Each structure stands twice: as C-alpha cells, then as structure tokens.
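The values are calculated or read from the model by the stated rules, or taken from the named source; none is laboratory data. What you see is a predicted model; the values in this text were computed from it and never measured. Every residue, glycine as well, gets a Cβ built from its backbone with ideal geometry; the counts of neighbours run over all protein chains shown.
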Amino acid sequence: MATQVTLADIFAAAEKKYGDYEITDFDVKLRPLLRLSAAERDELQALTTTPEEGSEEKPRQIEEQLRGIILLVADNKVGAQKLIEAIGERPDVLSTIQQEWMEKTQMGEAQPSSS
C-alpha cells in the first residue's frame, strides 16, 4: 500500500525535525544550518575558525565569534542585536545560546543501511 502525504505534511515534518531555535522575548529565531544560504554557511564556517592558541585576545575573539554567529543565523537582525546588547559581557550566556541552538537544530545522524 502506498503512503500518501501532502506537501503541507512534508513541510510540517521538516519544521518539526529542523525547526528554528526561537528566543521569544526578543522575537528572534535562530535558523538551522539547512536553512542558511550557501554564502551564509561559508560565513558561518569562517566565523567558527578557532583563534590561535596562546593569543591574549582569544577570550575576546570567542565572544565576538559567538555574537557573529547569533547575528548571522538570526531571522530578525534588529531583535538579534537587542538580544546581544541585553546579554552584555556574558560569554557564558552567549555560549549557552550557541550550544543549545546547535543541539536543537542539528541534523540527525545518518542511519545505517539495512542490507
């Protein structure tokens, strides 16, 4: 028996599986990697380059990277900027947002084939 679905069903399944990470009090949705353009994914890769070891600027660079990631993946840049301003000098909060966004929006692992 064939499985029947509508395009709306497929959109709903994709939203459930790969939905945004929403921070409601700032009206910001952080889009998952699959919803970024190729240029945005390239920019994200450049942003996530690790600062050089032993650099005195390393902690500051990491904070700037985290802010850049939030701004890049946010659907609402004004809301994202307000969020960043509200966070202030709290790299722990920036890191928490980035980690939770990655966990909640990551693609599932490939399933082994049943051969």
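Quick notes on this structure:
- Any hit, the stretch 30-48, residues being assigned to a loop (DSSP other than H, G, I, E, B) and in contact (Cβ under 8 Å) with a residue 40 or more places away in the chain: yes
- Any hit, the stretch 92-101, residues being at pLDDT below 90, acidic (D, E) and either on the phi > 0 side of the Ramachandran plot or surrounded by fewer than 16 Cβ atoms within 10 Å (Cβ to Cβ) (or both): no
- Verdict on I10 being farther than 27 Å from I87 by Cβ, surrounded by 10 or more Cβ atoms within 10 Å (Cβ to Cβ), of a type in the set (V, I, T) and at pLDDT 90 or above: yes
- Exclusive hit being of a type in the set (D, E, K, R) and modelled with pLDDT under 90, set E57, E40, E85: E57
- Only one of the numbered conditions (1) assigned to a helix (DSSP H, G or I); (2) modelled with pLDDT of 90 or more; (3) surrounded by 10 or more Cβ atoms within 10 Å (Cβ to Cβ) is not met by E22, and that is (1).
- Being at pLDDT 95 or above and either farther than 15 Å from W101 by Cβ or within 12 Å of the chain's Cα centre (by Cα) (or both) holds for only one residue in K29, K16, and it is K29.
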